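Chemist: The structure's right below; bear with me while I get my questions together.
The values are calculated or read from the model by the stated rules, or taken from the named source; none is laboratory data. Note that the structure is predicted; figures quoted are calculated from it, not measured. Positions of Cβ are generated from backbone atoms using ideal geometry, with glycine treated the same way; all protein chains shown enter the neighbour counts. The accessibility values were calculated without ligands, DNA or RNA, using every heavy atom of the protein model including side chains. Shrake-Rupley method; radii C 1.70, N 1.55, O 1.52, S 1.80 Å.
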Amino acid sequence: MGWRLAGRYVSSCSCTNVCPCSTASAPPDNPDGTTICWGVAVFDVREGDADGVDLSGTTIGMYVSYPGLVSDGNWKLGVSLDPSVSDEQANAIEQIVSGKLGGPFGDMSGLVTEFAMDRSPVSYSDAGATLGGHSFSYEPLRGADGNPTMMSNAVFGFAPSFEIGACTGTLEAFGHSFDASYGEAADFEYSSETHEHIRA
């Protein structure tokens, strides 16, 4: 089944400052000294299709847990879909994100040892997102010219180049509550045929 998703995402995790997990495949650096990364991301799908199923206008919430180095695997990966997403759309999204339909999610599926999917309110804005009743706000770090600070060619990333910033809020992933700290945002485009990222 061929598929394509394109739009913009915003994400947050428990790491301080620049997330070492995605940018350098280094251990998480949580403020409390623990080395398990907890994170969430919300993808605003502005164009999307999976073998004739229209996925445009859907919003995909994702939550993760990385127990140490991202490259070591043992990821927990969860997906939340708003109740407004139809069952047909939900089935297609589950097939895509679980990696069963190939593409970038298929590439990284070998690192995932636990996959979950649920229904809960999900919403996106350029300044933050809501996932499962928890919200976070996002503000990009800005350079001397006032433009967002960018990260490119990261070892692991949702896009080839993305903004980095700071987040506030209290989030939850797999029953674990954590403070939002690091943040990032970018346009994305993934498909079953070609992709630059997600890298794994």
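Chemist: Tell me which of these Thr34 doesn't satisfy, since it passes every other one: (1) touching a helix residue (DSSP H, G or I) at 6+ places or on another chain (Cβ under 9 Å); (2) without any contact (Cβ under 8 Å) to a residue 40 or more places away in the chain.
Modeler: (1)
Chemist: OK, next. Report, by residue number, each residue of region 48-97 that is of a type in the set (A, V, I, L, M, F, W, C), closer than 30 Å to Thr34 by Cβ and not in a strand (DSSP E or B).
Modeler: The answer is Leu69, Val70, Val97.
Chemist: Shifting gears a bit: Given (1) within 14 Å of the chain's Cα centre (by Cα); (2) under 26 Å from Gly99 (Cα atoms); (3) in a strand (DSSP E or B), identify the lone condition not met by Ala159.
Modeler: (3)
Chemist: If you don't mind, another one. Can you tell me which residue is most open to solvent (accessible area, probe 1.4 Å) among those in region 32-49 that are at pLDDT 95 or above and closer than 23 Å to His134 by Cβ?
Modeler: Asp44
Chemist: Please find, among Phe188, Phe156, Phe178, the residue that is out of contact with any strand residue (DSSP E or B) (no Cβ under 7 Å at 6 or more places or on another chain) and either at positive phi or buried (at least 18 other Cβ atoms within 10 Å of the Cβ) (or both).
Modeler: Phe156
Chemist: Identify, by number, the condition in (1) more than 16 Å from the chain's Cα centre (by Cα); (2) part of a helix (DSSP H, G or I) that Thr113 doesn't meet.
Modeler: (2)
Chemist: Okay, moving on. In region 50-64, which residues are surrounded by 21 or more Cβ atoms within 10 Å (Cβ to Cβ) and closer than 19 Å to Phe174 by Cα?
Modeler: Correct list: Ile60, Gly61, Tyr63.
Chemist: If you go through region 112-129 one residue at a time, how many are surrounded by 16 or more Cβ atoms within 10 Å (Cβ to Cβ) and in contact (Cβ under 8 Å) with a residue 40 or more places away in the chain?
Modeler: The total comes to 4.
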